[in-house]
Every structure is written in structure tokens, then in C-alpha cells.
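No value in this document is a laboratory result; all are computed from the given coordinates. Everything numeric in this text was worked out from a predicted model, so none of it was measured. Neighbour counts run over all protein chains shown; Cβ positions are idealised from the backbone, glycine included.
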Amino acid sequence: MEFNVSSLLKEHTGAARAYDIDDDVVIDGVLHHVTGSARFDRTPDGVLVRAQLRGTAHGECSRCLKPAAFAVDIAFEEQYIPTVDVHTGVHLAPPAGEDDAFRIDARHILDLQEATRQYWALALPIAPLCREDCPGLCPLCGDDLTPGHPCAGDQTDARWSKLADLRPG
Ligand SMILES: [Zn+2]
Ligand SMILES: [Zn+2]
């Protein structure tokens, strides 16, 4: 996820690059494969990155607690500010109000890893599911709540028989 932007930095505002991304990123200590695209635009202050990335996260289903894989889609737009002037090598302070902007390092490498990691964390589902209609676990015996599960059947029968009693006639 590292791009050498020295040639882009030497160009004028409005110059752009487009990249296809097919790379591995370390997120939470685990290597994730990420694909997508990024566009880099030269701005007066640095490089504006617009990226759309997709990968697969692995976790635990919030209903049945089995390992689950789910797609993660992220899109972000971030300004990257050079650390050194590409022509003179002089160190640059970030412009006012850009103190927490991402930086391009002294070798003119723009690294998308940190932004990807941050947006990835925001995109993770709060309650991931192994599949949309995961029935979860039986609250009585802890087994999969598959159709026809015996405990569920008993509960259902009890509820229905009460309803049947209320029914007129
Ligand atoms: Zn599940
Ligand atoms: Zn059960």
C-alpha cells in the first residue's frame, strides 16, 4: 500500500494518478487482502487521496458464535502532506489546521496502510452474522437453533396450546 509520489509532487496542482489496488494490509496484527482503486490528485498542500477498497474480515457470528467471514467496503478521502520539499529536501511543517493530516514520508512514500486500518475499523459490523438468517443458538440447550430443533418445538407447542385455549369455540 506504499506509493512513491515524488513525480506527482513535482507536478502542478491538478495533476493526478489512478491506481488499481490489490495488496495485503496488516490490520489488528492480521494480514488482510484488499482490492480496489485509488486516485491521487496533486493539491497546493500535497496529495488528495480518494480510495475505494474492499476486503474480507474474519470474526465471530454474534448469534451462533461460529467463525464468520464478512465483506468490508470502505471509501475515504484524505489529504496527505509532504514531510520534505520534493525539490529542495527541506523539512516542511504541516500547514495550519492540518496538524493531524496523514504525512508523506521523507522518501516521498505515501502509505495508505494507516488510513485503511482506521476506516476498516469503522466499517466493521457491530453485530456480525455468519449469514443474514442465522437462527442463533437455542437458549435452553445451546445447540444450533435449526428448523425442527426439539427444544424450540416444545416451546412453540406450549405457546400455541395457550393461544388455542383463548380461541372462541
Ligand atoms: Zn451464525
Ligand atoms: Zn435446544
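Taking 0.36 nm per intervening residue step and subtracting the Cα-Cα distance, what contour gain separates Ala16 from Glu60 on full extension?
Full extension of this stretch gives 11.8 nm more.
Using the number of other C-beta atoms within 10 angstrom as an exposure proxy, rank Val84, Val90 with the fewest first.
Result, fewest neighbours first: Val90, Val84.
For the range 1-48, what's the relative contact order in percent, using C-alpha pairs closer than 8 Å and at least 6 residues apart?
38 percent
Could you work out how far helix 113-123 tilts from the main Cα principal axis of the chain, as a 0 to 90 degree angle to the nearest 10?
30 degrees
Hey, what number do you get for the chain at 222 nm if only DSSP H runs of n ≥ 4 count, each worth -39500 (n - 2.57), divided across all residues, to the nearest 500?
Calculated at 222 nm, the ellipticity per residue is -5500 deg cm²/dmol.
Which residue, Ala16, Ala127, Ala38, has the most motion in a Gaussian network model of the chain that connects Cα atoms within less than 10 Å?
Ala127
How many nm is it between the label spots at Glu2 and Glu132, if each spot is 7 Å from the Cα in line with the beta carbon?
Placing both labels 7 Å beyond Cα along the Cβ direction yields 4.2 nm.
If packing is taken as the mean number of other Cβ atoms within 10 Å per residue, what is the order of 48-57, 66-75, highest first?
So the peptides 48-57, 66-75, ranked by packing, come out 48-57, 66-75.
So how tilted is helix 150-166 from the main axis of the chain? Cα-based, degrees 0 to 90, rounded to 10.
60 degrees
Above 20 Å lies some portion of the pair distances; for the chain, what is it as a whole percent of all C-alpha pairs?
Cα-Cα pairs of the chain separated by over 20 Å account for 64 percent.
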